[in-house]
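The values are calculated or read from the model by the stated rules, or taken from the named source; none is laboratory data. Since the structure is predicted, the reported quantities are computational estimates derived from the model, not experimental observations. Counting neighbours? That spans all protein chains shown, and the Cβs are built from the backbone with ideal geometry, glycine included.
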Amino acid sequence: MIIIRQADVYNPEYLGKKDVLICGESIEAVGDHLEIGCGCQEIDGRGCLLVPGLIDQHEHIIGGGGEGSFRTRSPEIQLSSLIEAGITTVLGLLGTDDMTRSVENLVAKAKALKEEGISAYALCGAYGYPSPTITGSVKKDIVFVDEIVGVKLALSDHRAPNISTEELIRLASDVRTAGMVSGKPGIIVAHMGSGFRRLEQIFDALRRSDIPVKTFHPTHMSRTEELLEDGFRFAKMGGYVDITCEDIQRIPEGKLGTGAMLRLLDKARQEGVPMDRLTFSSDGQGSWSSYDEYGHLKEIGVTDVGNLFRQFRHLVLEGAVDLTQALSFFTSNVAKALEIYPKKGCIARGADADVLLLRPDLALDTVIARGAIMMRDGNVLKRGTYEHD
């Protein structure tokens, strides 16, 4: 057992100074001054903020991209990189490369991360269509493979398969039905490129069918101002809109620019967008790239999963975004979008013991994932199987 004493607890709503008792992999109690017996490890949380672990719902855990030939294939994620970013739950997916990488590889990595101590989910599919799977069926992958909660597909992108709206409706119907049978969210994570059609096909599919809006999860929605406007419209319809974090240290070509997320959130408020429909993700270990007007690759690199935590700090410290509001984009909103709330994304009795202790400047001090201490005093204590200190 672990008890964290008198931290300022955010659920992400502020609960006050509380004790938090962890038993096994779950939070057993949250109270003012909890009385416990001997044999419980105590952590002094005074002067620190206790918040839910971050949930990264768009991460290339076995690497992604590789559009500049084989030597540009990006590497797998290491456990320590996730811990250093405060990520205790991850959703892994494929990218452009479903030829040298596979859904089997992806699920194996998700299982490995679970064995190493964090929570991990996965998607079948990739950019292309028909969607690559393990069983030969998107529906059966979702129903029978524990980690798989949905499918990925690319839309409005020069690398997209350009499927018809009828095919999109059929895929959404399969995913929806499989999710219902298996008790999973059953979602299509739509990689959105910078193409002129933007969310047109998703809007068309919703008009022409009875598929609920929650089935579609468009991501990378800050690529262009026009795509963002479609995203705001989609959020007002009740859908979740996922934003890829800025690289605070490097702003790739095609992004809205430094401070883009602050402007994005301000614009969303002005336009009456429900803020509980916005989420942030890292796109970690995927390759970012830019192309010239003829489609030739100009630049390529690997996205850092640490962007997720840096984005959160930037919103609060540089943008004066309310801490509770900022946290929700990385915790509770994401958990609700993936239908794993209140198991994830909050500090409450019965929730998974995924918690972070932050110093007053929001620097990461302690990471606890599924009840195990992964970082203490800013030092990583648990590393991946083949990692070295």
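Observations
- Selected residue (only one of Phe216, Phe196 is closer than 22 Å to His58 by Cα and of a type in the set (Phe, Trp, Tyr)): Phe216
- From Glu116, Glu166, Glu147, residue being modelled with pLDDT of 95 or more and farther than 23 Å from Thr219 by Cα: Glu116
- Hits in segment 11-23 - residues which are in contact with a helix residue (DSSP H, G or I) (Cβ under 6 Å, 6 or more places away or on another chain) and buried (at least 18 other Cβ atoms within 10 Å of the Cβ): Pro12
- When we screen Val305, Val321 for residues that are under 27 Å from Gly239 (Cβ atoms), outside the structural domain of Leu21 (by TED's automatic domain parsing), modelled with pLDDT under 95 and within 21 Å of the chain's Cα centre (by Cα), the only hit is Val321.
- Criterion (basic (Lys, Arg) and either at positive phi or without any contact (Cβ under 8 Å) to a residue 12 or more places away in the chain (or both)) met by exactly one of Arg5, Arg71: Arg71
- Filtered residues of segment 39-89 (kept if part of a strand (DSSP E or B), of a type in the set (Val, Ile, Thr) and crowded, with 24+ Cβ neighbours inside 10 Å): Val51, Ile55, Ile87, Thr88, Thr89
- Output for segment 261-273, where each listed residue is surrounded by fewer than 16 Cβ atoms within 10 Å (Cβ to Cβ) and closer than 24 Å to Asp247 by Cα: Arg263, Asp266, Lys267, Arg269
A quick yes/no check of all residues on (1) in contact with a strand residue (DSSP E or B) (Cβ under 7 Å, 6 or more places away or on another chain); (2) small (Gly, Ala, Ser):
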{"site": "Ser290", "(1), (2)": "yes, yes"}
{"site": "Gly301", "(1), (2)": "yes, yes"}
{"site": "Glu318", "(1), (2)": "no, no"}
{"site": "Ser328", "(1), (2)": "no, yes"}
{"site": "Tyr341", "(1), (2)": "no, no"}
{"site": "Ile368", "(1), (2)": "yes, no"}
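- Checking the stated criteria, Asp276 turns out to be surrounded by fewer than 21 Cβ atoms within 10 Å (Cβ to Cβ), among the acidic types (Asp, Glu) and in contact (Cβ under 8 Å) with a residue 12 or more places away in the chain.
- Qualifying residues in segment 223-259 (those that are among the hydroxyl-bearing types (Ser, Thr, Tyr) and at pLDDT 95 or above) - the one surrounded by the fewest Cβ atoms within 10 Å (Cβ to Cβ): Tyr240
- Condition met for Ser281 (under 23 Å from Gly92 (Cβ atoms), in contact with an Asp or Glu (Cβ under 8 Å, 6 or more places away or on another chain) and at pLDDT below 95): no
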